[in-house]
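Note sheet for the following structure.
The values are calculated or read from the model by the stated rules, or taken from the named source; none is laboratory data. Because the structure is predicted, anything quoted here is derived from the model rather than measured. A quick note on method: Cβ atoms are made from the backbone with ideal geometry, for glycine too, and the neighbour counts reach across all protein chains shown. Each accessible area value is taken on the protein alone, full model and side chains, heavy atoms only, with ligands, DNA and RNA left out. Shrake-Rupley method; radii C 1.70, N 1.55, O 1.52, S 1.80 Å.
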Amino acid sequence: MSFAGANSAEPPDSFGEVVEAHWTAVYRLLYSLTGDPHDTDDLTQETFLRALKRFETFKKGTNLRAWLLRIGTNAFFDVKRKQQTLKIGPLTEDVKSEEKSAETLLDLAEQGKLVRRAVQDLTELTRLVFHLRVTEELSFKEVAEIAGVTEVAARQHMHQARAKLLKRLGESSA
Amino acid sequence: MNCQSIQTWLLQAESLRPKAWPAAIGKHVDGCAACAKLVRDLRELEDQWREQSLPSGAEAKSRFLQKQAKLDVPTSIPMRMRPYLKPATPWLAAAAMSLFAITLFAWLSRPGPGPGPDIKVAATQTPDVVDRLLEWNLEMTNAKPGDRKKLLADTEDELRKEVKKAEPKLTPEDRLFAEKLIETGVSLAELDNPLEESERVKNVAETLAERVEKSDAKESTHRQLHFYKFMQRCVHPLEERISKMKPPEVKKGGKKVGFPFKMNPKQFQERQNDLRKSLDALRKKSWGKGFNSPHFGKRR
Ligand SMILES: [Zn+2]
């Protein structure tokens, strides 16, 4: 049994490198979707296990991160479909980021709180589109492929996200 | 076009950068206070979402990697998985587990280097010596400035020998890159200032991004990993250090303290901003079109 089929990707030297390079991006996407650190832990692990199992289906020369984000998105929606009990809760606000100094953390927490509250009121799909476009800076074409919608629909979700968020934030600052 | 249609267009625009817009939109926004405000608000909103402090899941990652390293054959269901992640029936769980065990076994028993502390698999196109040099640069940037000279003394000769030995087999592109990595490593040992370091590091990151863009299908995955690894272990921590640097204070009598360079606070801030911008541009470039291909996302 060989993984090196003509159209399939050679697994990289070490799967650990894939994990190191993309864990945070996958984790943050799933955190934006679930809003719960424990669910996010589980789903991120599930995502990388799925990726490990299917590495031979990854197309050489394509965007590895986007591929992982798609697996993560599918894992989230699979779980949702199977069990409606997955709580899509508010994004926890007191999480510590290992990557920010205490000072910036304070500022960002204040600014971020409002945005986070507003984002959690969007539908999951709209939230997904907004996150992928803004944080990962993927094109609408790629966002659409990850989200399993058409490019036009992805644009509409972005339209909705921006309009709703501005309205919410405008109301809270007024 | 009226404001309403422009604003509808802006709300679903892929990019909020005027450069990416049709000229007519840019012209309108320039001359219209309401539409210009919308663009500003949208940018601010997106910046806030990008910059919020989300957890990175570092602990979960370590647990996952430890599990992998021990070759403690993972099942498709992580240990602490919630009930909703478990397959509906036990036979499904068993089937998933054995499929995974077979897959992992097949992967590990492929010819080539055996499993090390991590799962090592097939050889790649990139010569080992380039991998080694890149890793060396990462070690160098992550070492405390005071420890770098020792690290350099311990490793430089051996690495140069390795490069010399591998030279006949290197492509001209790899040879130039190897030289650049040695040069960067050596210069890092001399520096103890994030602003100076970042010039060197930025240069390597740009080369890595170019190498990804130029790579053929065979090399692409490996080169993408190089780039991501470098961004993650080198560029991002450096950005963090830069953002924490305090501008020099000018004490009475014009004496500058708290900063090793002869820069006034304004010059310092300009330099800090320039660097941030160029590192950011690099990140955007790599996540944008450069790393994508027309094959991406074709449904299987
Ligand atoms: Zn207008």
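When the residues of segment B:27-61 are narrowed to those that are within 12 Å of the ligand (Cβ to nearest atom) and of a type outside the set (A, V, I, L, M), which ends up nearest to the chain's Cα centre (by Cα)?
Within segment B:27-61, the subset within 12 Å of the ligand (Cβ to nearest atom) is B:27-39.
Still in the running and of a type outside the set (A, V, I, L, M): B:27-28, B:30-32, B:35, B:37.
Values: B:27: 36, B:28: 37, B:30: 35, B:31: 38, B:32: 38, B:35: 35, B:37: 33 Å.
Restricting to residues being within 12 Å of the ligand (Cβ to nearest atom) and of a type outside the set (A, V, I, L, M), the top hit is B:37.
Do we have residue B:3 as closer than 21 Å to residue A:165 by Cβ, within 13 Å of the ligand (Cβ to nearest atom) and of a type in the set (A, V, I, L, M, F, W, C) here? Let's see the steps before the verdict.
On the way: closer than 21 Å to residue A:165 by Cβ: yes; within 13 Å of the ligand (Cβ to nearest atom): yes; of a type in the set (A, V, I, L, M, F, W, C): yes.
In short, yes.
Can you tell me which of B:169, B:202, B:229, B:165 is over 19 Å from residue B:143 (Cα atoms) and either within 14 Å of chain A (Cβ to nearest Cβ) or out of contact with any Pro (no Cβ under 7 Å at 6 or more places or on another chain) (or both)? Even if it seems obvious, please write down each step before you answer.
Working: B:169 fails: either within 14 Å of chain A (Cβ to nearest Cβ) or out of contact with any Pro (no Cβ under 7 Å at 6 or more places or on another chain) (or both); B:202 fails: over 19 Å from residue B:143 (Cα atoms); B:229 fails: over 19 Å from residue B:143 (Cα atoms).
Checking each option against the conditions leaves just B:165.
Could you please let me know if residue B:56 is surrounded by 14 or more Cβ atoms within 10 Å (Cβ to Cβ) and under 28 Å from residue A:33 (Cβ atoms)?
Values: surrounded by 14 or more Cβ atoms within 10 Å (Cβ to Cβ): yes; under 28 Å from residue A:33 (Cβ atoms): yes.
Yes; evaluated as a whole, the condition is true for this residue.
Can residue B:162 be described as outside the structural domain of residue B:276 (by TED's automatic domain parsing), open to solvent by 50 Å² or more (accessible area, probe 1.4 Å), in a helix (DSSP H, G or I) and in contact with a helix residue (DSSP H, G or I) (Cβ under 6 Å, 6 or more places away or on another chain)? Reasoning before the result, please.
Working: outside the structural domain of residue B:276 (by TED's automatic domain parsing): yes; open to solvent by 50 Å² or more (accessible area, probe 1.4 Å): yes; in a helix (DSSP H, G or I): yes; in contact with a helix residue (DSSP H, G or I) (Cβ under 6 Å, 6 or more places away or on another chain): yes.
Criteria met by residue B:162.
Can you tell me which residue in segment B:8-19 is farthest from the ligand (Cβ to nearest atom), limited to those that are facing another protein chain (nearest Cβ under 9 Å) and not hydroxyl-bearing (Ser, Thr, Tyr)?
B:14
Of all residues in segment A:120-145, how many are within 7 Å of chain B (Cβ to nearest Cβ) and either part of a helix (DSSP H, G or I) or open to solvent by 40 Å² or more (accessible area, probe 1.4 Å) (or both)?
As a first pass, look at segment A:120-145 and keep what is within 7 Å of chain B (Cβ to nearest Cβ): A:134-137, A:139-140, A:142, A:145.
Then keep just the ones that are either part of a helix (DSSP H, G or I) or open to solvent by 40 Å² or more (accessible area, probe 1.4 Å) (or both); that gives A:134, A:140, A:142, A:145.
Final tally of qualifying residues: 4.
Is segment A:49-60 home to any residue that is modelled with pLDDT of 85 or more, under 24 Å from residue B:65 (Cβ atoms), assigned to a helix (DSSP H, G or I) and more than 7 Å from chain B (Cβ to nearest Cβ)?
Taking segment A:49-60 and keeping what is modelled with pLDDT of 85 or more, we get A:49-51.
Right, trim to under 24 Å from residue B:65 (Cβ atoms) and you get A:49-51.
From the residues that got through so far, the ones that are assigned to a helix (DSSP H, G or I) too are A:49-51.
Checking which are more than 7 Å from chain B (Cβ to nearest Cβ) leaves us with A:50-51.
Yes; the residues of segment A:49-60 include at least one that is modelled with pLDDT of 85 or more, under 24 Å from residue B:65 (Cβ atoms), assigned to a helix (DSSP H, G or I) and more than 7 Å from chain B (Cβ to nearest Cβ).
Under 9 Å between Cβ atoms, which residue pairs at least 6 apart in sequence (or on different chains) link something in segment B:6-35 that is open to solvent by 50 Å² or more (accessible area, probe 1.4 Å) with a partner that is part of a loop (DSSP other than H, G, I, E, B) and away from the ligand (no atom under 11 Å from the Cβ)?
Hits for this filter: B:9/B:21; B:9/B:22; B:14/A:139; B:20/B:13; B:20/B:14.
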